[in-house]
Every structure is written in structure tokens, then in C-alpha cells.
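One structure is given here, and the rest of the page talks about it.
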Amino acid sequence: MLNAQRTQLGQLSAQSAWCTLPHQTCPRKTQQSRPQAWRSSLGLIQPRWQQAQCVLLTKASRPAAHRRELRLQTAAHSYDYDLIIIGCGVGGHGAALHAVECGLKVAVLEGHDVGGTCVNRGCVPSKALLAASGRVRDMKNAMHLKSLGIKVAGNVEFDRQSIADHANQLASSIKGNLARSLEALGVDMLVGAAKLAGPHSVKYGLPGRVDVGGEITGQDIMIATGSVPFVPPGIPIDGKTVFTSDHALKMDWLPKWIAIIGSGYIGLEFSDVYTALGSEVTFVEAMPDLMPGFDKEIARMAQRLLINPRSIDWHTNVFATKVIPGEPGVKPVIIELTDAKTKQVVDSLEVDACLVATGRAPYTQGLGLSAIGAAPDRRGFVPVNDYMQVLDEKNKVVPHVYCIGDANGKFMLAHAASAQGISAVENMCGRPHVLDHLSVPAAAFTHPEVSFVGHTEEAAREAAQKGGFADKLAVTKTSFKANSKALAEKEGEGLAKMMYRKDTGEILGVHIIGLHAADLIHEASNAMSTKQTVQDLKFSVHTHPTLSEVLDELIKTSHVDPPAQKRPEPKVLDPKLKDLQPLPA
């Protein structure tokens with residue numbers, strides 16, 4: 001039976017082209033026929049008959065006819081690989097999957113942990129901490145529970161080490177899934193720090209290990225080395241009382257009072273975790289307002305929901321110019337605050353711990369960019385064009401070398417890196433593709449969540465002014481208090497807003513704060529990426545009652561100028577209705 005299924009799958013595989021992006025007219029693999037490793041990386045369990053399908057794409061059995069099939073008449077080469085990827089974070093992993101799907105022979109070089117920052121020291125373990133601490137917050141909210149008819153007897157207790165173990169175990173599990181998914185597809189996983197030796201060659205190895213390393217060649221090379229936490233001058237990191245998000249995720253101890261330098265996504269999420277578990281938080285922000293990257297209206301609501309009701313205070317317009325580490329339970333951390341304008345010391349803090357959440361810096365040192373005539377910019381980012389091709393010091397394309405993700409600085413999010421990796425592979429295969437970064441969504445996984453895609457209202461107004469359509473810019477809003485599902489959950493605090501053009505229906509930006517905002521944003525993101533207009537979305541149908549109706553309400557209350565042309569005749573989809581007369585205009 002299994003052999004017969006394999007034979008049938010082999011015939012199907014031979015008949016269908018390898019997957020490309022939507023603008024290509026090739027039959028896609030169905031969800032059921034995708035390689036098992038793709039789905040195992042998401043933690044999904046499958047029956048054995050589905051697991052057998054991944055045999056078709058292992059290194060030994062991958063059809064030779066598909067080798068470089070999608071390249072446009074590229075001459076045969078003598079390199080070891082079609083593509084060498086330096087770095088195996090979310091971006092490198094996504095690029096490798098797509099490259100194999102396109103029939104390329106791939107090697108991945110990773111000097112640290114498979115999965116990179118996101119899986120091991122970033123978005124994955126932090127979501128585990130947020131999930132656990134969020135449950136604690138919910139169970140401590142007696143008023144909210146009472147409104148649902150629930151009473152919790154006694155105190156709500158938690159075990160810090162068990163919460164930390166949950167985060168670490170999740171990261172370890174996802175890391176293993178990612179590695180196995182690549183191995184199942186025949187990707188060569190090489191361990192070692194990589195350095196460019198030219199546009200087609202990479203040297204790699206580990207310090208003190210003569211048995212690991214060497215030099216490999218490839219027709220194309222992709223840099224996907226990611227980033228590391230940025231630490232401002234004057235702040236010594238001891239990893240115990242003064243630390244970055246890398247250390248905070250380990251949750252070795254729980255300070256009673258912690259200062260968080262920076263109130264962006266990282267700082268905001270950790271404030272959510274710490275306050276839920278009983279800590280007091282003080283934000284130190286260099287900008288005039290908290291959450292400076294947010295839409296201003298959303299930021300005001302976030303402050304009302306996420307900061308004001310909690311044990312949080314803040315200092316804005318100040319720099320933490322000097323930090324003296326302490327000792328847990330013995331000596332406090334001392335933070336010197338300097339006015340951002342006058343540069344004068346204006347205050348000092350004595351806290352139990354200090355989290356430095358001032359953004360991230362590209363991890364590009366030691367890559368050997370000079371070997372290809374390129375150099376990082378003053379901030380360390382590798383310059384690239386819209387096709388993810390690396391640019392040299394004269395701003396000219398370096399053939400066959402690409403850079404994606406945090407290392408290029410275009411959009412420092414894991415899913416953006418993955419999208420850039422897929423785009424770069426498409427370009428290698430001769431199908432020009434440019435990622436629309438404006439349609440890439442982002443989210444803060446606080447309680448409630450915050451998400452957005454596209455322009456803020458302030459940026460949209462500026463763009464409208466420059467583009468000459470200021471009188472056509474419109475903003476529409478809707479509250480979660482009008483949503484049945486949110487009211488059923490007693491979670492009516494929330495807002496969604498959209499900026500769009502009244503004349504064309506083009507969506508310029510959508511921002512949401514509320515229950516499951518991080519999931520809701522994708523309808524808007526996908527609409528923007530596929531160039532759907534407000535008019536197109538007005539005909540969408542949403543399940544009732546669901547939170548998705550927040551977006552439905554947002555779209556259907558938006559007003560677009562009527563078209564100047566005559567209304568088209570209705571299309572007859574059912575032959576039985578061919579004699580149906582059109583409605584009068």
C-alpha cells in the first residue's frame with residue numbers, strides 16, 4: 001500500500017512544477033502534499049501516509065530533472081552548491097525551504113543556534129513568557145472574572161522556574177524542528193562561523209577546532225546573519241542585574257523593581273511580563289513620548305490600557321548615560337539620567353535590575369565583505385537594492401551575493417526576513433521580484449495586543465501632502481465595544497483604524513489595539529500586498545460572531561467616491577439565470 005502511494009506521489013510530483021510565487025502560473029502543492037518537515041516545524045502531527053511523502057524530497061531521491069529547472073537558461077556550473085546561506089535564523093530557513101522547492105542544491109552555514117535570535121533568544125521564548133504571565137494576570141483580575149461569573153478562591157501562585165523552563169523547552173523544540181525540516185529536504189547543514197572568500201566561495205570553521213571547517217563554493221551566496229541587542233555607550237552588561245532581552249528570557253530571577261531602557265516593542269512586552277508577575281517597572285525613554293514608533297492615537301490608548309493601570313512609571317526625554325550594575329538582593333543598580341536636550345544630569349534611579357531594550361544592531365562583523373568589494377554602512381548594515389542584491393562601495397551590484405533580514409536593516413522582523421529570503425531566491429531564479437515592505441505587518445504581543453501594517457496616520461497625512469491627494473485622505477475607526485465576540489469575552493477595550501484614499505480606495509495603513517490584534521492584522525496586510533481596495537473588501541464575508549468582524553466593520557463603514565464610469569452589467573454565473581434582467585441604473 002505504501003509503495004503504491006509513493007508511486008502515485010512520484011507521478012504527481014513529476015507532472016507538477018516546483019512552487020513559485022503567486023505571479024507564476026504553476027500548480028502549487030496542496031497542504032496535504034507539502035513535505036512533512038514543513039509542517040513538523042509548526043509542531044503539527046501527521047499520519048504515517050503523509051509522513052511518507054517527504055521521502056520524495058530527500059537529498060538522495062530529489063529528482064535530478066528538477067535541478068535548477070526554474071533558472072532561465074543558466075549554464076551548468078562546477079560549484080559545490082547552487083546556493084550557500086550564511087545564517088539559519090527564520091530568514092535563512094525560509095530561504096532554504098523555497099530554494100529547495102525551486103530545485104536548488106543548498107548548504108546552510110550556522111555558527112550558533114539553528115533558528116537564530118527569534119527562535120532561541122527572541123520572539124518564540126518571549127511569547128512563552130507572555131502566555132504564562134498573561135494567564136497569571138487574567139486569574140488575578142478578580143473584577144473581570146466576576147463579570148463572567150467566575151470566582152477564584154485563594155491566591156494565584158506561579159513558579160518562576162517552571163515558567164522559564166516552558167520558554168526554554170519551546171525554543172529547544174522549535175529549534176529541533178527547524179533543523180530536521182532542512183535535513184529532510186536534503187539541505188547540507190554546516191557548523192561554523194562563515195567568512196566570504198569571494199563572490200562564489202565561503203570559508204567556515206570554529207575557533208580551536210581543526211576538525212571542523214573548510215571552504216565551499218556556490219553559484220549564489222545569501223547573507224542572513226541577523227542581529228544582536230544594541231547596547232548604548234556607558235552601559236556595562238553583567239547579565240545579572242544589567243542585561244538585554246537575551247538574558248531576560250532566561251528569567252533567572254524576578255526583580256521587585258526593574259528599569260527598562262526603551263519603550264518599543266521589546267520593552268513593552270517585557271513590561272507586560274514583569275508587571276503580571278508582580279514587579280514594578282520604570283521606563284526610561286529618550287523620545288518625548290512613550291512608544292514613539294506607534295501611531296499616536298494607538299499609543300495613547302496603549303498607555304491607557306497597558307501602562308497607566310499597572311505598576312509602571314516613566315521618564316521621557318532622557319538618556320541613561322551611566323549605569324552601575326548591582327547585586328541581586330544586596331546592592332541596587334544605579335542609573336544616571338541625562339536630559340536629551342540640555343545634556344545635563346537631571347535624576348538618578350536605584351532599582352533592582354535594568355533591562356536594556358534599545359533596539360538591535362546587525363551582526364555583520366567578520367563577514368569578510370571586503371572580499372567582494374562591499375562594506376557595511378556606519379551602523380553596520382549591509383547595503384542592498386530592492387532585489388536584495390548586495391551593493392559594493394560604489395553602490396553597484398555585487399553579482400551573485402544577496403543579503404536578507406536584520407543584516408540589511410530594511411525591516412528588522414523575523415517574518416520580513418523570511419519574505420526577503422523568498423524574494424531573493426526568486427531573483428536568483430530569474431524571476432524579478434520586489435517585496436513590498438509597506439505591506440509587512442508587525443505586532444506587540446501585550447495584553448491586549450497591538451498590531452499595524454502600513455503608514456501611521458501621521459505618516460499617511462505626510463505622504464498625502466507630498467503626493468497631492470491630501471483632500472482625498474480618509475481615516476475610519478471602529479471600537480471593539482461594537483463587536484459581539486469581544487463583548488462576550490468582556491474584552492471591549494480596543495480600537496481599529498484605517499487610513500485610505502477616498503478616490504481610489506487604496507489602503508494606506510491599518511492599526512489595531514485589542515484582543516488578538518496580532519492575528520486580525522493579516523487581513524489588512526494581505527489586502528495591501530495584493531493591492532486590494534476598500535471596494536474589493538466590502539464584499540468579503542466574515543463568520544459571526546468573531547473578532548474578524550472588527551475589520552469587516554472598519555471596511556464597510558469606509559466611504560469611497562463613486563466611480564465616474566457607468567456601472568458594469570452584472571455577470572451571470574448560473575446558466576439558469578441567463579434571462580435575468582439587470583437592475584435599473
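The values are calculated or read from the model by the stated rules, or taken from the named source; none is laboratory data. This is a predicted model, so every value here is computed, not measured. In this analysis, Cβ positions are derived from the backbone assuming ideal geometry, glycine residues included, and neighbour counts consider all displayed protein chains.
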Exercise. Restricting attention to strands (runs of 3 or more DSSP E) lying wholly within region 301-362, give those where 2 or more residues are more than 30 Å from Lys497 (Cα to Cα) and touching a residue at least 12 places away in the same chain (Cβ under 8 Å).
Key: 318-324, 333-339, 345-351, 353-356, 360-362
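Would you check if there is a residue in region 176-189 being closer than 19 Å to Ala132 by Cβ and touching a residue at least 24 places away in the same chain (Cβ under 8 Å)?
no
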Quiz item: Looking at Tyr363, Tyr402, Tyr387, which one is surrounded by fewer than 18 Cβ atoms within 10 Å (Cβ to Cβ) and either under 30 Å from Trp253 (Cα atoms) or under 26 Å from the mean Cα position of the chain (by Cα) (or both)?
Solution: Tyr387
Exercise. Identify the single condition in (1) closer than 30 Å to Ala197 by Cα; (2) surrounded by 14 or more Cβ atoms within 10 Å (Cβ to Cβ); (3) without any contact (Cβ under 8 Å) to a residue 40 or more places away in the chain; (4) touching a Gly at 6+ places or on another chain (Cβ under 9 Å) that Ala371 does not satisfy, given that it satisfies every other one.
Key: (3)
Exercise. Kindly check whether there is at least one residue in region 94-117 that is surrounded by 21 or more Cβ atoms within 10 Å (Cβ to Cβ), in contact (Cβ under 8 Å) with a residue 24 or more places away in the chain and of a type in the set (S, T, N, Q).
Key: yes
Quiz prompt | Residue among Ser529, Ser484 that alone is modelled with pLDDT of 95 or more and farther than 15 Å from Ala442 by Cβ | solution = Ser484
Quiz item: So Val541 fits all but one of (1) loosely packed, with under 15 Cβ neighbours inside 10 Å; (2) within 30 Å of Pro399 (Cβ to Cβ); (3) not hydroxyl-bearing (Ser, Thr, Tyr); what number is the exception?
Solution: (2)
Quiz item: Which of the residues spanning region 96-146 are at pLDDT 95 or above and among the β-branched types (Val, Ile, Thr)?
Solution: Val100, Val106, Val108, Val136
Quiz item: Any residue in region 341-364 that is of a type in the set (Lys, Arg) and closer than 30 Å to Gly134 by Cα?
Solution: yes
Quiz item: Assuming Glu393 fulfils every condition listed in (1) free of Cβ contacts under 8 Å to residues at least 24 places away in the same chain; (2) part of a loop (DSSP other than H, G, I, E, B); (3) in contact with a strand residue (DSSP E or B) (Cβ under 6 Å, 6 or more places away or on another chain) apart from one, which condition is it?
Solution: (3)
Quiz item: What number of residues in region 124-152 are among the hydrophobic types (A, V, I, L, M, F, W, C) and surrounded by fewer than 19 Cβ atoms within 10 Å (Cβ to Cβ)?
Solution: 9
Quiz item: If Asn168 passes every condition in (1) surrounded by fewer than 18 Cβ atoms within 10 Å (Cβ to Cβ); (2) free of Cβ contacts under 8 Å to residues at least 60 places away in the same chain but one, which one does it miss?
Solution: (2)
Quiz item: Just checking, which of Ala414, Ala371, Ala361, Ala353 is on the phi < 0 side of the Ramachandran plot and in contact with a Cys (Cβ under 7 Å, 6 or more places away or on another chain)?
Solution: Ala414
